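K.L.:
Structure provided below as structure tokens; questions to follow.
The values are calculated or read from the model by the stated rules, or taken from the named source; none is laboratory data. In this text, all values refer to a predicted model and were calculated from it rather than measured experimentally. Note that each Cβ is placed from the backbone with ideal geometry, even for glycine, and that neighbours are counted across all protein chains shown.
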Amino acid sequence: MPPRHDLKPSSAATLSAGAGPAPADLLARLRARGDADPVTHVERVPARPGTPAPWPDWAPAGLRAAFARRGVVAPWRHQAEAADLAYAGTHVVVATGTASGKSLAYQLPALATLLADPRATVLYLAPTKALAADQVRAVADLELEGVRPACYDGDTPRAEREWIRRHSRFVLTNPDMLHHGILPGHAQWSGFLRRLAYVVVDECHTYRGVFGSHVAHVLRRLRRQCARYGRTPVFVLASATSGDPAAAAGRLTGLPVTAVTEDTSPRGGVTFALWEPPLLPVSAASPDDVDLAPVRRSALRETADLLADTVASGVRTLAFVRSRRGAEVVAANARRALDEAVPGLGDRVAAYRAGYLREERRELERALLHGDLLGLASTNALELGVDLVGLDAVLICGYPGTRASLWQQAGRAGRSGQEALAVLVARDDPLDTYLVHHPEAVFGAPVEATVLDPANPYVLGPQLACAAAEAPLTPADLELFGDGAKEAVDALVEAGALRQRPTGWYWRHRERPEVDLRGEDGAPVCVVEAATGRLLGTVDGGSSHFLLHAGAVYLHQGVSYVVDTLDLADGCALVHPEEPDWSTHARDVTSLSVVSVRSYVDAGPVGLFLGEVDVTSQVVSYQRRRIATGEVIDTRPLDLPARELRTVAVWFTLSPESLAAAGVDPADVPGALHAAEHAAIGLLPLMATCDRWDIGGLSTAVHPDTEAPTVFVYDGHPGGAGFAERAYGTASAWLRATRDAIAECACESGCPSCVQSPKCGNGNNPLSKADAVRVLDVVLANLPS
Ligand SMILES: [Zn+2]
Ligand SMILES: [Zn+2]
């Protein structure tokens, strides 16, 4: 790696917190180096004053006074708007930015109702215990008479549970507790449910995929029990900004939901730069490793340099890196560069480790806020304390997967009245490449939607079993549970789980059904530390072959382990703590057959399909790659059995004639389709919140079931999770983005930033970058948009 820049000691002499240069000057300094300008776009996100609204007439004076004591003199307009809708009985989702005050939007109608009706109750659901704990404090701080907010989760002592059921009127819990505890014990909760006015679903965008599909049915079960006790509570949901939040919330709850999306809270201005690390000169790439050779400067190196530069300029900077090891690499490289410039200056940079105690972490945050530390490299915004805001610069090393996470991270920058700098550094990944060349996808209207599929038979069947165990199912219930409910009930009767009587369907067993909200993808595999016998965690069966094969590097709460053995018969992987400087990447081989076609578009020489498929895949080897550079060390074989998956896929076919007419040589068709498949998988998270474990792909010049050149992209979970369906519904936009990401990558013949995949079972061979663009042009020319 060539030395890249000189840190100017003169700038280091002016070090003091907050005395740094203006964002535009700082950015100019950062980009004024090297031959090519790495900045692909600069967006000035202007400061916005808040738009307050009067308190709603129905908000009691006591409640207004309580909020005023907490510093809220008036709601912002979007809070008032959502609160008004909810108070009037309309199910509503507030989908606005981080720190826009979504909690007031549900606290206002919920607490006003609790004060007006001394019997009414509220149920609040959070995806994490920590968030529920924050919220219970926030409500308790209002000191409202008779509300008695309380958390009810797995940690709640038995002795307190009965008191909460009887006396709390604002119960905060999570979907797992609702599923395992509250709904099965609904008789004990009848008093609470009989008076339930509101159900608050916070951070509802986290309920996606298979988990989201399960939660959708847990909410339907809740609605059913409420109805049995004569209640129809109003749902108030809070979501990160996303594409079509009303539809996503509607799918989650099964109810018509109105969305409030205009954010009227104040925010500081941010200068936001999109940054693409430069391609390395060919000689710098290892000639032996054609497969996944790092041809771009690594995002970690680039981020470390930027961190050193900002710290040298006296700017308090937070760098977000996706892995703990990566965060340490960034911090270490930045420290080294700073110490070379000014001995001792490196001490002002630290890595923020998840393994640290809470007090140690708060101490690091305090040091950064006060300017004792100037740079911190951290893995995850959610682990950081809520007070750590108002930084001068935020560096984001690699797109964090969703727009919500991106803005959550960028939101740590900017003090009131002062501009801040945010930089997104692209990793070598097709989605990152697309985003830095398409600022509208980062700054424009969101298209990424939260998807889930309540009709998934692998979710619906078990959930109907749970519902029947809580109270016999009636024909009217089937409508509540939606498409496929009747078939699922028939299958449960057939399997002997339910008995049909004139009054409905009855659960036949003494024990309740055992259903895991996180999926039924094979029995979970336990991860056990060999030396101590300590259970570190579990991994679902479907992912275990990829994540827990012998030799795999396994991360648990930021600590790195290496797998010694994976015993599938015992469902157990033995590991030992070790922190190698490589990561592991499993590769599989896949075959696929079409079971049925659900929907299709006949577009002349091009066909687009959605349907059920059977996928057989086998993890056959894994690669070891250096963390700092991405360089491939070696590929090692594995001996694991094949796995079968019935799921949902989207696929497109092209006629051989149309490919020939577009100039694709028949010999290059496999490489063209394969390259298009990789990039299409990489770009799907643009349309639907998912990651690469959620989807898989297969391409072939002739598939026996389609008898044509075909690219398949399928959901990696039994029964599907909504990703392929979303891809089908947005096919032209999705494939347009795929085409652009490939065409806009400056590499010669394909790289990890466009068509190479770290997960490829074929060692990224064959791949034809130029022909992939031709293939997608043919598809886009024929497909109706
Ligand atoms: Zn490329
Ligand atoms: Zn591949």
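Quick grid of which residues meet (1) basic (Lys, Arg); (2) within 13 Å of ligand 1 (Cβ to nearest atom):
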{"site": "Gly729", "(1), (2)": "no, no"}
{"site": "Ala746", "(1), (2)": "no, yes"}
{"site": "Ser749", "(1), (2)": "no, yes"}
{"site": "Cys760", "(1), (2)": "no, no"}
{"site": "Gly763", "(1), (2)": "no, no"}
{"site": "Arg774", "(1), (2)": "yes, no"}
{"site": "Val778", "(1), (2)": "no, no"}
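K.L.:
Suppose we filter Pro184, Pro149 for residues that are at pLDDT 95 or above, crowded, with 16+ Cβ neighbours inside 10 Å and closer than 27 Å to Pro462 by Cα; which single one remains?
P.N.:
Pro184
K.L.:
Can I ask one more? Would you mention how many residues in the range 44-74 are surrounded by 17 or more Cβ atoms within 10 Å (Cβ to Cβ) and over 30 Å from Thr113 (Cα atoms)?
P.N.:
So the count comes out to 1.
K.L.:
For the range 438-453: of the residues being among the β-branched types (Val, Ile, Thr) and over 16 Å from Gly398 (Cβ atoms), which is surrounded by the fewest Cβ atoms within 10 Å (Cβ to Cβ)?
P.N.:
Of everything passing the filter in the range 438-453, Val447 is surrounded by the fewest Cβ atoms within 10 Å (Cβ to Cβ).
K.L.:
For residues that are in a strand (DSSP E or B) and in contact with a helix residue (DSSP H, G or I) (Cβ under 7 Å, 6 or more places away or on another chain), tally how many sit in the range 600-629.
P.N.:
Summing the residues that are in a strand (DSSP E or B) and in contact with a helix residue (DSSP H, G or I) (Cβ under 7 Å, 6 or more places away or on another chain) in the range 600-629 gives 5.
K.L.:
Looking at the range 468-492, which of its residues are of a type outside the set (Asp, Glu) and in a loop (DSSP other than H, G, I, E, B)?
P.N.:
Ala471, Pro472, Thr474, Gly482, Gly484
K.L.:
While we're looking at this one, here's another question. If you check Gly191, Gly212, which single one turns out to be touching a residue at least 60 places away in the same chain (Cβ under 8 Å) and in a helix (DSSP H, G or I)?
P.N.:
Testing whether each residue is touching a residue at least 60 places away in the same chain (Cβ under 8 Å) and in a helix (DSSP H, G or I) leaves just Gly212.
K.L.:
Take Ala721 and tell me if it is small (Gly, Ala, Ser), closer than 29 Å to Pro446 by Cβ, modelled with pLDDT under 95 and surrounded by 24 or more Cβ atoms within 10 Å (Cβ to Cβ).
P.N.:
yes
K.L.:
Taking the range 744-785, which residues are out of contact with any Lys or Arg (no Cβ under 8 Å at 6 or more places or on another chain) and of a type in the set (Val, Ile, Thr)?
P.N.:
Val775, Val778, Val779 - these are the residues of the range 744-785 that are out of contact with any Lys or Arg (no Cβ under 8 Å at 6 or more places or on another chain) and of a type in the set (Val, Ile, Thr).
K.L.:
Could you go through the range 744-752 and let me know if any residue there is within 16 Å of ligand 2 (Cβ to nearest atom) and either surrounded by fewer than 18 Cβ atoms within 10 Å (Cβ to Cβ) or modelled with pLDDT of 95 or more (or both).
P.N.:
yes
K.L.:
Only one of Val147, Val215, Val171 is among the aliphatic types (A, V, I, L, M) and under 30 Å from Arg403 (Cβ atoms); which?
P.N.:
None of the other options fit; the residue is Val215.
K.L.:
Now for a separate question. Say we look at the range 753-767 and pick out the residues that are near ligand 2 (Cβ under 8 Å from one of its atoms) and touching a strand residue (DSSP E or B) at 6+ places or on another chain (Cβ under 7 Å); which of these is farthest from Thr700 (Cα to Cα)?
P.N.:
Among those that are near ligand 2 (Cβ under 8 Å from one of its atoms) and touching a strand residue (DSSP E or B) at 6+ places or on another chain (Cβ under 7 Å), it is Lys759.
So that you can scan it fast, the table gives a plain yes or no per residue for (1) of a type in the set (Gly, Ala, Ser); (2) without any contact (Cβ under 8 Å) to a residue 60 or more places away in the chain:
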position: Gly314; (1), (2): yes, no
position: Phe320; (1), (2): no, no
position: Ser323; (1), (2): yes, no
position: Asp347; (1), (2): no, yes
position: Arg361; (1), (2): no, yes
position: Glu365; (1), (2): no, yes
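K.L.:
Another one. Given the criterion surrounded by 19 or more Cβ atoms within 10 Å (Cβ to Cβ) and more than 19 Å from the chain's Cα centre (by Cα), identify the matching residue among Leu435, Leu431, Leu464.
P.N.:
Only one candidate qualifies: Leu464.
K.L.:
Quickly run through the range 407-459 and pick out the residues that are assigned to a loop (DSSP other than H, G, I, E, B) and of a type in the set (D, E, K, R).
P.N.:
Within the range 407-459, Arg412, Arg415, Glu419, Arg427, Asp428, Asp429, Glu448, Asp453 qualify.
K.L.:
Glu520 passes all but one of (1) closer than 27 Å to Gly209 by Cα; (2) in a strand (DSSP E or B); (3) of a type outside the set (Gly, Ala, Ser); (4) modelled with pLDDT under 90; which number fails?
P.N.:
(2)
K.L.:
Also: Take the conditions modelled with pLDDT under 90, within 25 Å of Glu262 (Cβ to Cβ) and of a type outside the set (A, V, I, L, M, F, W, C) and apply them to Pro446. Does it pass?
P.N.:
yes
K.L.:
Would you be able to say whether some residue in the range 87-110 is surrounded by 18 or more Cβ atoms within 10 Å (Cβ to Cβ), aromatic (Phe, Trp, Tyr), part of a helix (DSSP H, G or I) and touching a helix residue (DSSP H, G or I) at 6+ places or on another chain (Cβ under 8 Å)?
P.N.:
Yes, the range 87-110 has at least one match.
K.L.:
Shifting gears a bit: Among (1) away from ligand 2 (no atom under 16 Å from the Cβ); (2) on the phi < 0 side of the Ramachandran plot, which single condition is Gly722 missing?
P.N.:
Only one criterion in (1) away from ligand 2 (no atom under 16 Å from the Cβ); (2) on the phi < 0 side of the Ramachandran plot is unmet by Gly722, namely (2).
K.L.:
Name the residue, out of Glu302, Glu340, Glu328, that is touching a strand residue (DSSP E or B) at 6+ places or on another chain (Cβ under 6 Å) and either at pLDDT 90 or above or of a type in the set (Gly, Ala, Ser) (or both).
P.N.:
Glu302
K.L.:
While we're on this one: Restricting to the range 126-146, name every residue that is crowded, with 17+ Cβ neighbours inside 10 Å and assigned to a loop (DSSP other than H, G, I, E, B).
P.N.:
Matches in the range 126-146: Ala126, Pro127, Leu142, Leu144.
K.L.:
I've got another one for you. Consider only pairs whose beta carbons are under 6 Å apart and that are at least six residues apart or on different chains; among these, list those whose first residue lies in the range 724-745 and is farther than 18 Å from Thr689 by Cα and polar (S, T, N, Q) and whose second residue is assigned to a helix (DSSP H, G or I) and within 16 Å of ligand 2 (Cβ to nearest atom).
P.N.:
none
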